[in-house]
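Notes for the one structure printed next.
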Amino acid sequence: MSERPGPNVYSIAAHRGFADALVAGLVPRYGDDSFGLARLTLLVPSTRAARTITEAFVRHAGETGTSGLLLPRMVQVGDLDLDEALGPLFDSLGAGAAVPPAADPVRRTLKLAQLIGEVEGDAASTGAALMRLAAETGRVIDRLLIEDIQPQDLLGERVLGILAANSDHWRSNLALFAKVQLLWRDQLDQRGEIDMSARRNLLFRTAARRLREAAPGHPIVAAGVTSAAPALAEMLRTIAHLPQGAVILPDFDLSMDAEVWDELGHAGDPALEEPFGRDDAITHPQYHLKLLLGRMGIAREEVRAWHRAGLGKGPPERSHAISSLFLPPLASRRWAALPAKQRRLAGVRLIEAGNPEEEAQAIALLVREALATPERRVAVVTPDRGLAARVSQHLRRWNVRADDSA
């Protein structure tokens, strides 16, 4: 993708509009003939991302007057049948067949509920409470497996030492969880299965190994994938070093000072034993990207700017203002000295609503006002599911159907 030596890792600034800017750069690179884009394999984080990028291709074709377009092959890295979805990364007989099948998620929840009942005995919950505990246990198992943490690691000195100063119920709950997980592992071994998260890890590492052994003759680009899971980071590192590979990150802040970057912590630093530090700014928006780069073995200086912009790009000052807004504690002292142009958030409004209903009505009115402009798109981002439902209901009064992707 580039003649410059080193990994091909790029960042699309927030104000450029990720999907549209991505397409604006991919088309001239790979769309040199009728089948150029069709030879491209695009790794995306989710089905929603694939749909958004597909819509961006359609908009780009309409804007440039392209009469027809063959889209690239899009693979969701969260796909349960990843070995089939990756296709060309495996041989025709299916290299993924060497990886054991995944346990059925419903059966796992039911079996975990049974195992919890057996381990806790008379103290175990029953009914819906037990099922909720089993489901939560399954989610914790998945989270640990994604981070390559095994059951025996939970009972090691590193973990027990951290819990030494905590109440006894922390240690007893940890012992209960580790025992249930070990019993579940025995069940998997008997059935010749593995957890879904463990299977995805194996598939990622199998794909990375095959790419290293024989680079494919077609381009592979990972776009918008920000998960810092070790197995996925290994595959992304491999893709970044392919002759026709690239990793494109969303809103990696290339303008951040080295001092601020260091203040985020040592996320994923391979030179240190612990993956996280006690003082790491783990809630900072850039921390997760720093963790991903650390696990990929990519230096911050090796990330390049993606110089294409989307159709609905915003002013660069907005990205600078957002970057300043999220400065970690020590660096936030520079707020007082920021020039006005770096503090300006043009078009940003603050609405103080008297109640949730008034809040939903105000948002719905702003959405309706924006949609009065032909072909304009609007996104409402909120963690409040109740608010999202109320806004959607108000929009129906104008026959506007919100695409709720949560």
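Observations on the model:
- Shown here: the range 105-193, whose C-alpha atoms stretch 36, 30, 19 Å along the first, second and third principal axes, sorted largest to smallest.
- Relative contact order, whole percent, for the range 105-193 stands at 34, derived from Cα pairs under 8 Å and 6 or more residues apart.
- The chain: angle of helix 287-296 to the longest principal axis, Cα-based, in degrees nearest 10: 70
- Qualifying trypsin sites (Lys or Arg not before Pro) in the range 345-386, where qualification requires a DSSP coil assignment and no more than 10 other C-beta atoms within 10 Å, comprise Arg349, Arg376.
- Contact order relative to length of the range 356-398, as percent, for alpha carbon pairs under 8 angstrom and 6 or more apart: 52
- 0 to 90° range, to nearest 10: angle between helix 316-325 axis and the chain longest Cα axis: 40
- Residue exposure proxy: Met296, Met131, ordered by other Cβ atoms within 10 angstrom of their Cβ from fewest to most, comes out as Met131, Met296.
- Ranked Trp261, Trp335, criterion: other C-beta atoms within 10 Å, fewest first: Trp335, Trp261
- Only DSSP H runs of four or more residues enter the estimate; each adds -39500 (n - 2.57), and after division by the residues of the chain the mean residue ellipticity at 222 nm equals -15000 deg cm²/dmol.
- About its Cα centre, the dipole of the range 356-398 is roughly 220 debye, where the only charges are +1 on Lys and Arg Cβ and -1 on Asp and Glu Cβ.
- Among Asp168, Asp262, the ranking by other beta carbons within 10 Å of each residue's beta carbon, starting with the fewest, stands as Asp168, Asp262.
- Label corresponding to P(r) over Cα pairs in 20 Å bins from 0, in percent when calculated from the structure given, among [x] 26, 56, 18, 1; [y] 25, 51, 22, 2; [z] 21, 51, 27, 1: [z]
- The relative contact order of the chain, computed from alpha carbon pairs under 8 Å that lie at least 6 residues apart in sequence, is 23 percent.
- Cβ-placed point charges (K, R +1; D, E -1), dipole of the range 105-193 about Cα centre in debye, nearest 20: 240
- Between the Cα long axis of helix 105-120 and the first principal axis of the chain there is an angle of about 40°, rounded to the nearest 10.
No lab work stands behind these numbers, since they all come straight from the coordinates. Just so it is clear, the model here is predicted, and its values are computed rather than measured. Because the Cβ atoms are built from the backbone with ideal geometry, glycine has one as well, and the counts that use them run over all protein chains shown.
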